[in-house]
Structures are given as C-alpha cells and as structure tokens.
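In what follows, a structure is listed as structure tokens, so that the remarks can point back to it.
The values are calculated or read from the model by the stated rules, or taken from the named source; none is laboratory data. Nothing here was measured: the structure is a model prediction, and the numbers come from that model. Ideal geometry is used to build each Cβ from the backbone, glycine not excepted, and the neighbour counts take in all protein chains shown. With ligands, DNA and RNA removed, areas are computed over all heavy atoms of the protein, side chains included. Shrake-Rupley method; radii C 1.70, N 1.55, O 1.52, S 1.80 Å.
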Amino acid sequence: MSLTVAAAKQAEKLRIDGNSYFKKDRFGAAIDAYTEAITLCPDVPIYWTNRAVCHRKRNDWTRVEEDCRRAIQLDHNSIKAHHMLGLALLQREDYTEGVKELEKALDLERGASPKGYKVEEIWQDLARARYLLWEHESTKRSWDLQNLKETCMAALKEKHFLDTSQVEGFVDENIQSNLEQLEALNGVFNKAAEDDIPTDVPDYLCCKITLDIFRDPVITPSGLTYERAVILDHLHKVALIDIQLSFPFIYMHIFILQCHVLILNFVIFKVGNFDPVSREPLYSSQLVPNLAIKEAARAFLETHGWAYKTD
C-alpha cells in the first residue's frame, strides 16, 4: 500500500472520528481530528468545512472564514463553505460580501436540491443578510440626507437674511417666500427618504396563506397565486382515519379505492387536493410559475430592503 493511499485512509478515519466527537458536542476533540486529517490530506475540502462547522459552534468566526475560504479554493461549488463564509462575513459587518456568498450558496443549493430543507435555511439567512445590508445603508443615507438638508436650509436662511437686509419694504413678502422655500425643501427631503420608511407590502405580492412576500410564486387554474412550498405542503397533507368508525360498511369499499395506504382498520387518505381559497380540485401538476409576480416581488425588494425582515 502506497503512503498516499495509507494517508488517505487514515485521514478518512480521522474524519469519521471527528464526526463522532461533533455529535457528542466535543468540538475541541473534533477540531483536533479534522486538523490531523487536513495535515495528512490538505486538498480535501470536506475536512476544512467540517472543521469550520466546529469553529462556528464555538463562535470563532475568524477561523470559520479562514477554513471556508480554503475550502472554496479547493471546491468552488461547496455549498456549505459559501454558506458559512457568508455568515462569517455578516459577523464582521461586511454585509455586501456576505450577501454575495449567501446568494452563491442559495443558487448552488437550488441547483443540487431545489426542494431540500437547506434551501429554506439558506434563504432565511440571506433575507436576514439583505435586511442588515439595507439597515446599514439606510442609516448612512439617513445621516447623509439630514446633513445635506441642514446645509441647504442654512444656506436658504442666509440668503433670506441677505435679501431682507438689502431690500427696503416688502418684508412680509420676503418672509412668506422664505417659508414657502423652506417647506418645499423639506418636502423634497421627505420624498427622498420615503423608500427607507417601512410600510405594508402590497397584498398582490404576498402569499394568501402565509401573508409573506413571494419568493417562488405559482398560479393555480383558479387564477390564485401561492408560495410554491406552502401550496405543495397543503396539497400533500394526509389524514389517518378509522374506516370502521367513520363510514358505514356499505361505503367502505368505495372509500378504500381512493386511499393511498390501508393499515388494519385505518387508512392514510390525502386530504389536501383542493385550492385552499377557491376550494376547487387542485393537483401539484397544475401549478405554473407566476413569473410576473416573481419579478414584481424582486423589484419591490430591490428598492424596499426593509421588506426582507423576517420575524
């Protein structure tokens, strides 16, 4: 057996040991095991991401960032590395780069497992990152606008003072003109700040079930639009029913024909094959992406970052 093969086998054993320590919350021991594996085989990205997960558990975000960057050098498509790097960047308030990394992780995860639970987890982290980015930029814009407003008002008042001192008579008219100019100026700055003031998201951009803004909207034959994951969850709902108690014997054979599974006297019966609002029959194959609403929601979020806030 060559030294390379032996080192690879030993490194893999250390990875398994590290996983075992991690499950027991022995993060220090897990880090030691993954570090030994990295020493033996430094070009295996999963060793770096596994160690980064341990650092994350200990809130050591500097080391999380270091390990994730190394993992991405080895594998540009590492979902876990992009995800954790994004989180690490948020910790040091580099919101712009953090958003980019989380967007990359989400795109990769959607390509690998579009219906996987990680898509929702990464999206939630991305929404939080985008909200933090908006909050950071909004605060800066607010300060900049306030400073500019104060400068403009001071200049306007100075102009009014000079005009009043140089012109005899018509003082009342000058005062009125100055007040109107100050009011107009105030209106301009209030208008400029409107996009950063949280309001209500328009109803047509929100799912009728969750009332949250759309991410992946689909439209039904009834013309109603829902969030894809939510309506699919509704359509896949099942119920466990005791057929001897629930139905007279004469109807039992008809009921069983509609069921998916029969267990003793119980059946697992699909109960969600209908539109939750119109109540018309509905199957997942009838759902069609609502691209117009998806683009409208994206455009709204682009200019109203406060709408990313998730409670």
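What residue, among those in the range 24-64 that are acidic (Asp, Glu) and over 24 Å from Asn77 (Cβ atoms), is surrounded by the fewest Cβ atoms within 10 Å (Cβ to Cβ)?
So the residue we want is Asp25.
Among the numbered criteria (1) open to solvent by 90 Å² or more (accessible area, probe 1.4 Å); (2) under 23 Å from Trp123 (Cβ atoms); (3) modelled with pLDDT under 85, which one does Thr303 miss?
So the condition that Thr303 fails would be (1).
Checking Val267 against (1) within 30 Å of Glu135 (Cβ to Cβ); (2) at pLDDT below 90, which test does it fail?
Only one criterion in (1) within 30 Å of Glu135 (Cβ to Cβ); (2) at pLDDT below 90 is unmet by Val267, namely (1).
Assess whether Leu14 counts as being open to solvent by less than 50 Å² (accessible area, probe 1.4 Å), in contact with an Asp or Glu (Cβ under 6 Å, 6 or more places away or on another chain) and over 30 Å from Arg110 (Cβ atoms).
Criteria met by Leu14.
Could you list, in sequence order, the residues of the range 284-300 that are without any contact (Cβ under 8 Å) to a residue 60 or more places away in the chain, surrounded by 12 or more Cβ atoms within 10 Å (Cβ to Cβ) and over 15 Å from the mean Cα position of the chain (by Cα)? First the steps, then the outcome.
Residues of the range 284-300 without any contact (Cβ under 8 Å) to a residue 60 or more places away in the chain: 284-285, 291-292, 295, 298-299.
Next cut, surrounded by 12 or more Cβ atoms within 10 Å (Cβ to Cβ) only: 284, 298.
Selection gives Ser284 alone.
Tell me, which residue of the range 103-138 that is farther than 16 Å from Arg215 by Cα and open to solvent by 70 Å² or more (accessible area, probe 1.4 Å) is modelled with the highest pLDDT?
My answer is Lys104.
Using beta carbons and a limit of 7 Å, which pairs, at least six apart or on different chains, have the first residue in the range 3-27 and more than 10 Å from Leu40 (Cβ to Cβ) and the second one open to solvent by less than 80 Å² (accessible area, probe 1.4 Å) and not in a helix (DSSP H, G or I)?
From residues that are more than 10 Å from Leu40 (Cβ to Cβ), there are no pairs.
Out of Lys24, Lys13, Lys9, report the one residue that is within 33 Å of the chain's Cα centre (by Cα), of a type in the set (Lys, Arg) and more than 13 Å from Asp67 (Cβ to Cβ).
Working: Lys13 fails: within 33 Å of the chain's Cα centre (by Cα); Lys9 fails: within 33 Å of the chain's Cα centre (by Cα).
Of the residues listed, the single one that is within 33 Å of the chain's Cα centre (by Cα), of a type in the set (Lys, Arg) and more than 13 Å from Asp67 (Cβ to Cβ) is Lys24.
Go through (1) on the phi > 0 side of the Ramachandran plot; (2) open to solvent by less than 20 Å² (accessible area, probe 1.4 Å); (3) not basic (Lys, Arg) and name the single condition His82 misses.
Every condition holds for His82 apart from (1).
Take the range 198-213 and flag every residue that is more than 14 Å from Gly305 (Cα to Cα) and either crowded, with 18+ Cβ neighbours inside 10 Å or modelled with pLDDT of 95 or more (or both).
Hits for the range 198-213 are Leu205, Cys206, Cys207.
Filter the range 288-311 down to the residues that are assigned to a loop (DSSP other than H, G, I, E, B) and closer than 16 Å to Thr210 by Cβ and list them by number. If you could, list the steps in order and put the result at the bottom.
We begin by selecting, within the range 288-311, every residue assigned to a loop (DSSP other than H, G, I, E, B); these are 290, 304, 309-311.
Matches in the range 288-311: Asn290, Lys309, Thr310, Asp311.
Counting only residues that are in contact with a Cys (Cβ under 7 Å, 6 or more places away or on another chain) and either free of Cβ contacts under 8 Å to residues at least 12 places away in the same chain or closer than 15 Å to Glu120 by Cα (or both), which one in the range 218-233 is least open to solvent (accessible area, probe 1.4 Å)?
Among residues in the range 218-233 that are in contact with a Cys (Cβ under 7 Å, 6 or more places away or on another chain) and either free of Cβ contacts under 8 Å to residues at least 12 places away in the same chain or closer than 15 Å to Glu120 by Cα (or both), the one least open to solvent (accessible area, probe 1.4 Å) is Glu227.
Counting only residues that are in contact with a Phe, Trp or Tyr (Cβ under 7 Å, 6 or more places away or on another chain) and either polar (S, T, N, Q) or on the phi > 0 side of the Ramachandran plot (or both), how many does the range 85-96 have?
1
Does Ser142 count as open to solvent by 40 Å² or more (accessible area, probe 1.4 Å) and small (Gly, Ala, Ser)?
Spelling it out, Ser142 is indeed open to solvent by 40 Å² or more (accessible area, probe 1.4 Å) and small (Gly, Ala, Ser).
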